[in-house]
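Structure first, commentary second.
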Amino acid sequence: MDRDRFAGLATGFGAARVVVLGDLMLDRYVAGPADRVSPEAPVPVVRVDREWDAVGGAANVAANVRALGAGCDVVGVLGRDAPGGVVEEALEGLGAGCRCVRDGSRATTVKTRVLARGQQVVRIDREDPAPVPASVAELLAARIDAVLPGADALVVADYDKGALTPPLIRHVLAAAAAGSVPVVVDPKRRNFFAYGGGTVFKPNRAELEAAFGEAALPGDGCWLEAARVRAGCEHLLLTLGAAGMVLASPGRSPRRVAARARSVYDVSGAGDTVAAVVAVALAAGARLAEAVEAAAVAAAAGVAKVGVATVSPQEIAAGLTGRTPDAAGPDAEVAEASNPAPGIRNST
Ligand SMILES: Nc1ncnc2c1ncn2[C@@H]1O[C@H](COP(=O)(O)OP(=O)(O)OP(=O)(O)O)[C@@H](O)[C@H]1O
Ligand SMILES: [Mg+2]
């Protein structure tokens with residue numbers, strides 16, 4: 001895809017509306033110097049001089065959607081606790097419509113990272129990953145029904161934290177199909193096989209291997225096609241970390257998309273960026289190969305930043321090479337095979 005084509009697509013991002021449904025989280029950071037060892041236990045003592053919050057999970061997908069300029073409605077469940085309020089306010093601050101159910105019987109998922117001189121020393125998770133009760137799932141379904149008409153794409157971001165239950169997933173996929181809304185699914189273990197009928201199913205390698213109980217063979221077209229059929233989705237977009245991603249679609253050879261990163265500082269959140277860019281690009285009328293190429297370029301820009309990052313349309317445009325992949329034939333790679341530069345630095 002050349003820059004002009006992307007620029008044309010990006011002019012449609014502002015009018016595109018994406019619904020994000022999934023597990024909302026709060027990422028909390030506590031940081032400071034650690035100059036001494038605790039007298040109580042052989043652990044460093046971190047003297048806190050900085051604390052900040054960031055949205056995580058499905059809320060980070062929403063942040064990525066908003067960074068691209070698209071409209072976004074978010075549906076998920078939050079506790080009736082202080083972190084739930086922080087997530088709600090943060091989503092509103094991003095300009096996303098927060099259609100969240102506040103459930104007093106569960107804790108908002110919070111991941112607290114303690115950083116000593118920039119290095120993570122411990123992570124403390126507070127969560128209640130049990131599936132939501134049927135009453136809450138029904139409220140979530142009703143909120144989806146309220147925002148899905150008129151939406152141009154739906155992302156389901158499942159982190160196994162309980163917001164997605166099989167009946168809710170069935171309801172949402174049926175509603176999206178009835179409205180011809182493309183669905184991008186970022187699955188985890190528990191509901192992996194519940195997303196049949198999704199448009200783009202985007203597991204990473206570890207998620208797919210855990211669900212299938214076998215090693216992934218992303219270089220083998222027959223295996224990929226069987227995996228696509230087994231997941232029951234229209235397209236399988238398997239992300240492979242530093243090895244990029246591979247797109248399997250019915251009736252054509254798989255297309256390999258190289259990771260385009262030149263420098264790698266922090267890979268966390270790269271999957272969220274991919275899901276958001278694919279959804280926004282499809283919502284704006286991109287072909288899937290174009291959406292995936294834009295996502296690979298965006299992921300490269302994201303992993304070059306410190307921390308969980310979002311990427312702007314300008315950054316995607318800057319990362320495009322100007323080559324039009326489909327000019328090279330239908331089974332050509334959708335992105336140029338540019339390997340990360342030697343001496344890559346990966347801080348995670
Ligand atoms: N180390 C890396 N070097 C270059 N590109 C990377 C690297 N890690 C991720 N990427 C890019 O980001 C995309 C998504 O990454 P990955 O396969 O790790 O997804 P993920 O595990 O779902 O990410 P996360 O869960 O951390 O958000 C990859 O397909 C690739 O384009
Ligand atoms: Mg992921």
If I go through segment 21-54 residue by residue, how many of them are in contact (Cβ under 8 Å) with a residue 12 or more places away in the chain, among the charged types (D, E, K, R) and in contact with a Pro (Cβ under 9 Å, 6 or more places away or on another chain)? 6
Taking segment 46-83, which residues are farther than 21 Å from Gly285 by Cα and touching a Lys or Arg at 6+ places or on another chain (Cβ under 6 Å)? Asp53, Val75, Leu78, Gly79, Arg80
Residue check: is Leu164 away from ligand 1 (no atom under 14 Å from the Cβ) and either within 15 Å of Val75 (Cα to Cα) or among the polar types (S, T, N, Q) (or both)? yes
Gly95 being at positive phi and touching a Phe, Trp or Tyr at 6+ places or on another chain (Cβ under 7 Å): no
Hits in segment 238-256 - residues which are within 21 Å of Pro182 (Cα to Cα) and either among the aliphatic types (A, V, I, L, M) or more than 16 Å from ligand 2 (Cβ to nearest atom) (or both): Leu238, Met245, Val246, Leu247, Ala248, Ser249, Pro250, Gly251, Arg252, Pro254, Arg255
Could you say which residue among Gly162, Gly219, Gly150, Gly197 is assigned to a loop (DSSP other than H, G, I, E, B) and at pLDDT below 95? Gly150
Only one of Leu217, Leu247, Leu236 is touching a helix residue (DSSP H, G or I) at 6+ places or on another chain (Cβ under 6 Å), more than 8 Å from ligand 1 (Cβ to nearest atom) and either of a type in the set (S, T, N, Q) or in contact (Cβ under 8 Å) with a residue 60 or more places away in the chain (or both); which? Leu247
Looking at this structure, is Ala279 within 14 Å of ligand 1 (Cβ to nearest atom) and under 18 Å from the mean Cα position of the chain (by Cα)? no
Just wondering, is there one or more residues in segment 286-304 that are within 14 Å of ligand 1 (Cβ to nearest atom) and within 20 Å of Gly197 (Cα to Cα)? yes
For the structure I just gave you, tell me whether Val334 is modelled with pLDDT under 95, in contact with a strand residue (DSSP E or B) (Cβ under 6 Å, 6 or more places away or on another chain) and β-branched (Val, Ile, Thr). yes
Are there any strands (runs of 3 or more DSSP E) wholly within segment 1-80 with 3 or more residues that are exposed (fewer than 14 other Cβ atoms within 10 Å of the Cβ), and if so which? 50-57
Take segment 161-188 and flag every residue that is within 16 Å of ligand 2 (Cβ to nearest atom) and β-branched (Val, Ile, Thr). Val184, Val185
Report yes if Phe192 is of a type in the set (Phe, Trp, Tyr), surrounded by 22 or more Cβ atoms within 10 Å (Cβ to Cβ), modelled with pLDDT of 95 or more and within 16 Å of ligand 1 (Cβ to nearest atom), otherwise no. no
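The values are calculated or read from the model by the stated rules, or taken from the named source; none is laboratory data. These numbers come from a predicted model, not from an experiment. Every residue, glycine as well, gets a Cβ built from its backbone with ideal geometry; the counts of neighbours run over all protein chains shown.
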